[in-house]
Amino acid sequence: MKYQELVDVYSNLEATTKRLEKIDIISDYLKTLDSDTIEQVGLLILGVVFPAWSSEEIGIGAKLVERAVGEAIGTTPEMVEDAVRDEGDIGLACIKLYAKKSQMTFFSKPLTIDFVFKSLQKLSKISGPRSTNRKISIILELLSQASATEAKYLTRTITEELRIGVGDGIVRDAIAQAFDIDKKVVERAQMLTNDFSVVAKTAKEQGSEGLKKLNLTPGTPVKPMLAQLAPPLDEIIPEMGCAICETKYDGIRLQVHRNKDEIKIFTRRLENITHALPEVVDLFDEHMPHEDYIVEGEVIATRDGKPLPFQNILHRVRRKHNVEEAIENVPLKLFLFDVLYYKVPMIDEALIKRRETLENIVDTSVDEMNLSTELVGTADNIPEVQKLFETSIKEGHEGIMIKDCSEGYIPGLRGKKMLKYKAEPETLDMVIIGGTYGIGKRGDFVGSYLVALRDENDDFKSVAYAATGLDDATLEYLTEKMKELEITTKGREIKVEPKIVLEIAFSEIVESPEYETGYSLRFPVVKNIRKDKSPMDADTVERLISMYNTGN
Ligand code: AMP
């Protein structure tokens with residue numbers, strides 16, 4: 001299959017911001033592909049050549065790509081650099097530069113998807129002496145056969161910035177639509193495998209039944225089940241009926257896998273950090289059965305038995321050198337809370353059964369290896385749950401987790417079955433740059449606020465729409481203010497000058513191509529109007545990204 005066909009799809013996707021149109025474009029294209037190609041396109045459509053679980057990456061810096069572009073079109077790297085600066089992006093710079101390409105390679109063979117995919121995968125494997133030259137020659141081979149639009153998307157793929165506004169959700173829905181499969185089935189398969197190449201191929205070849213058979217494999221990380229903020233205890237515990245309530249530790253979530261003799265440790269973002277935590281590997285080897293398993297827990301740093309601030313554990317995990325020294329200085333403690341696989345997949349078992357299995361398999365005879373402190377909450381013992389929360393805070397932890405006893409483990413889901421009850425929610429001070437008027441009775445009020453953060457040029461870049469947390473009087477006040485600051489109003493959408501600062505609480509930062517920062521917030525709630533703050537005092541995009549990278 002020709003790469004140009006995929007490139008046409010990229011162009012069409014870039015030309016629309018409408019989600020449904022994007023889904024139609026991808027779905028129509030997937031239907032035309034054979035099994036081998038769909039496997040590759042399942043990844044290329046997201047601008048990657050390795051699945052999300054893999055720690056492999058293309059790993060080529062922008063400078064190297066600029067050098068290769070220069071060589072491909074017979075110009076200097078400086079000229080390429082200028083074009084990138086003018087156009088703001090390597091892809092657009094290629095369009096400009098290729099128009100002037102001096103020696104067109106007539107009669108060259110057209111690029112195929114297979115050749116592009118395999119060449120890009122090869123790039124990650126090159127290391128050692130002369131690796132830069134070898135990488136350049138692979139990129140050059142691609143670029144010198146490429147058309148201008150092919151070069152645009154090739155260079156963007158290599159630099160890992162495809163910029164076509166396509167994320168996991170759109171690809172998932174497109175696969176479902178192409179092969180007439182329930183979205184939920186596709187989603188589950190994706191959460192379990194974290195690999196759209198497997199999901200797309202299986203959907204094409206075996207349909208819904210094939211996807212349902214995909215399951216966990218120890219060694220391949222699974223998207224963790226996530227937590228929402230909990231409503232008051234006296235509301236949620238009776239609603240669940242039976243709730244496992246556990247101390248919420250302020251550390252890093254680990255997913256530990258054993259496959260035969262190999263133990264691997266992943267973060268909640270599926271990053272393999274086994275190398276940074278050798279003593280944790282030893283703990284698992286010595287205090288867990290030598291069977292295949294996947295367990296989850298939180299690891300915290302301690303000193304004199306007290307939890308240390310979260311930053312300490314982060315340093316441990318990020319460390320590449322002098323790991324031995326760090327082991328001495330920052331002793332770790334593990335608190336396991338779930339088992340997803342023990343000899344067989346267990347995610348469909350009720351939590352209470354999984355917990356029982358966990359208790360049976362973990363040897364907690366050493367100080368470092370623990371199960372999370374828990375109690376089973378019911379409508380009759382809410383004061384005890386409250387006490388667990390208070391003790392947790394007193395001991396320097398974050399609060400408690402509240403989990404439905406009868407639920408299975410739903411990878412990647414942030415639902416009502418696992419909740420966090422914390423002393424303080426996360427907040428950012430953000431600036432209103434626009435909003436949407438309500439409908440019907442609420443048509444006079446701006447009901448949903450487009451909030452933004454400052455970037456390094458002091459421009460405000462959108463992050464999310466916040467629509468909850470305000471009473472009617474405040475909505476009215478904000479609407480009036482926004483009318484004074486109006487730049488344009490089109491239909492129900494208003495754009496305003498960035499002047500009003502809101503404190504926004506949220507449960508998590510997620511990647512999102514729909515907003516200018518490339519990130520968004522889950523469950524944004526307006527906490528306060530920060531009249532004491534000017535837009536220049538608002539939080540920054542840099543802080544958002546740093547919070548994202550540290551798992552909030
Ligand atoms: P948050 O990061 O605020 O969304 O809260 C969810 C996170 O709390 C999980 O991803 C874990 O890293 C962490 N956590 C700490 N203790 C527990 C526990 N006992 N059960 C589940 N998650 C926990």
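The values are calculated or read from the model by the stated rules, or taken from the named source; none is laboratory data. These numbers come from a predicted model, not from an experiment. Methodologically, a virtual Cβ is constructed for each residue, glycine included, from the backbone with ideal geometry; neighbour enumeration extends over all protein chains shown.
For segment 224-251, filtered to residues that are small (Gly, Ala, Ser) and at pLDDT 95 or above, the residue that is nearest to ILE347 (Cα to Cα) is ALA243. Checking each residue of segment 45-52 against the condition of being touching a helix residue (DSSP H, G or I) at 6+ places or on another chain (Cβ under 6 Å) and aromatic (Phe, Trp, Tyr) gives no match.
Are any of the residues in segment 473-485 in contact with a Ser or Thr (Cβ under 6 Å, 6 or more places away or on another chain), surrounded by 14 or more Cβ atoms within 10 Å (Cβ to Cβ) and farther than 30 Å from GLY412 by Cα? Show your work before the answer.
Taking segment 473-485 as the starting set, the residues that turn out to be in contact with a Ser or Thr (Cβ under 6 Å, 6 or more places away or on another chain) are none.
Scanning segment 473-485 turns up no residue that is in contact with a Ser or Thr (Cβ under 6 Å, 6 or more places away or on another chain), surrounded by 14 or more Cβ atoms within 10 Å (Cβ to Cβ) and farther than 30 Å from GLY412 by Cα.
Whenever a residue of segment 237-250 is under 8 Å from ASP404 (Cα atoms), its partners that are near the ligand (Cβ under 9 Å from one of its atoms), lying with C-beta atoms within less than 7 angstrom and at least six residues away or across chains, give the pairs ALA243/LYS403; ILE244/GLU374; ILE244/LYS403.
Would it be correct to say that PRO221 is within 16 Å of the ligand (Cβ to nearest atom), under 21 Å from GLN121 (Cα atoms) and at pLDDT below 95? So PRO221 passes the test.
When ASP367 is tested against (1) under 22 Å from GLY297 (Cβ atoms); (2) more than 16 Å from the ligand (Cβ to nearest atom); (3) touching a residue at least 40 places away in the same chain (Cβ under 8 Å), only condition (3) is not met. Here VAL198 clears all of (1) modelled with pLDDT of 95 or more; (2) under 30 Å from LYS387 (Cα atoms); (3) among the β-branched types (Val, Ile, Thr) except the condition numbered (2).
Exactly one residue out of GLU384, GLU390 is under 19 Å from GLY251 (Cα atoms) and outside any strand (DSSP E or B): that is GLU390. Among residues of segment 67-96 that are of a type in the set (Ser, Thr, Tyr), those with a beta-carbon under 9 Å from a residue that is surrounded by fewer than 15 Cβ atoms within 10 Å (Cβ to Cβ) at least six positions away or on a different chain give the pairs THR75/LYS100; THR75/SER102. The condition (being within 16 Å of the ligand (Cβ to nearest atom), small (Gly, Ala, Ser) and under 23 Å from the mean Cα position of the chain (by Cα)) is satisfied by just one residue among SER546, SER512: SER546.
Considering segment 3-15 alone, what residues qualify as being under 23 Å from the mean Cα position of the chain (by Cα) and within 19 Å of GLN177 (Cα to Cα)?
Result: TYR10, LEU13.
Looking across segment 199-233, the residues that are surrounded by fewer than 21 Cβ atoms within 10 Å (Cβ to Cβ), within 28 Å of GLU291 (Cα to Cα) and either out of contact with any strand residue (DSSP E or B) (no Cβ under 9 Å at 6 or more places or on another chain) or free of Cβ contacts under 8 Å to residues at least 24 places away in the same chain (or both) come down to GLY210, LYS212, LYS213, LEU214. Restricted to segment 400-430, and to residues there that are of a type outside the set (D, E, K, R), over 23 Å from the mean Cα position of the chain (by Cα) and within 18 Å of CYS242 (Cα to Cα), the residue that is nearest to the ligand (Cβ to nearest atom) is ILE400. Please work out if LYS135 is surrounded by fewer than 19 Cβ atoms within 10 Å (Cβ to Cβ) and at pLDDT 90 or above. In short, no. Under the condition of being surrounded by fewer than 20 Cβ atoms within 10 Å (Cβ to Cβ) and assigned to a strand (DSSP E or B), the residues counted in segment 510-543 number 8. Going by what's in this entry, would PHE445 be described as among the aromatic types (Phe, Trp, Tyr) and away from the ligand (no atom under 16 Å from the Cβ)? So PHE445 fits the description; yes. Here the helices (runs of 4 or more DSSP H) wholly within segment 137-218 that include at least 3 residues being within 27 Å of TYR515 (Cα to Cα) and among the β-branched types (Val, Ile, Thr) are 148-158, 168-178. When THR364 is tested against (1) in contact with a Cys (Cβ under 7 Å, 6 or more places away or on another chain); (2) farther than 22 Å from SER507 by Cβ, just one condition goes unmet, and that condition is (1).
Considering segment 1-94, the qualifying helices (runs of 4 or more DSSP H), each wholly inside and each with 3 or more residues that are crowded, with 18+ Cβ neighbours inside 10 Å and in contact with a Pro (Cβ under 9 Å, 6 or more places away or on another chain), run over 62-73. Residues in segment 294-340 that are among the aromatic types (Phe, Trp, Tyr) and touching a helix residue (DSSP H, G or I) at 6+ places or on another chain (Cβ under 7 Å): none.
For the condition of a type in the set (A, V, I, L, M) and closer than 21 Å to LEU413 by Cβ, what is the one hit in ILE273, ILE265, ILE236, ILE300? Walk me through how you get there before you give the answer.
Working: ILE273 fails: closer than 21 Å to LEU413 by Cβ; ILE265 fails: closer than 21 Å to LEU413 by Cβ; ILE300 fails: closer than 21 Å to LEU413 by Cβ.
Among ILE273, ILE265, ILE236, ILE300, only ILE236 is of a type in the set (A, V, I, L, M) and closer than 21 Å to LEU413 by Cβ.
GLU503 satisfies every condition listed in (1) assigned to a strand (DSSP E or B); (2) closer than 17 Å to ILE439 by Cα except (2). With respect to the stated conditions, ARG188 is basic (Lys, Arg) and either surrounded by 21 or more Cβ atoms within 10 Å (Cβ to Cβ) or in contact (Cβ under 8 Å) with a residue 12 or more places away in the chain (or both).
Give, as residue ranges, the strands (runs of 3 or more DSSP E) completely inside segment 431-493 that count at least 1 residues that are at pLDDT 95 or above.
Values: elements: 446-454, 460-466, 486-490.
Hits in segment 431-493: 446-454, 460-466.
If we keep just the residues of segment 304-325 that are without any contact (Cβ under 8 Å) to a residue 60 or more places away in the chain and over 28 Å from the mean Cα position of the chain (by Cα), which is surrounded by the fewest Cβ atoms within 10 Å (Cβ to Cβ)? Among residues in segment 304-325 that are without any contact (Cβ under 8 Å) to a residue 60 or more places away in the chain and over 28 Å from the mean Cα position of the chain (by Cα), the one surrounded by the fewest Cβ atoms within 10 Å (Cβ to Cβ) is ASP304.
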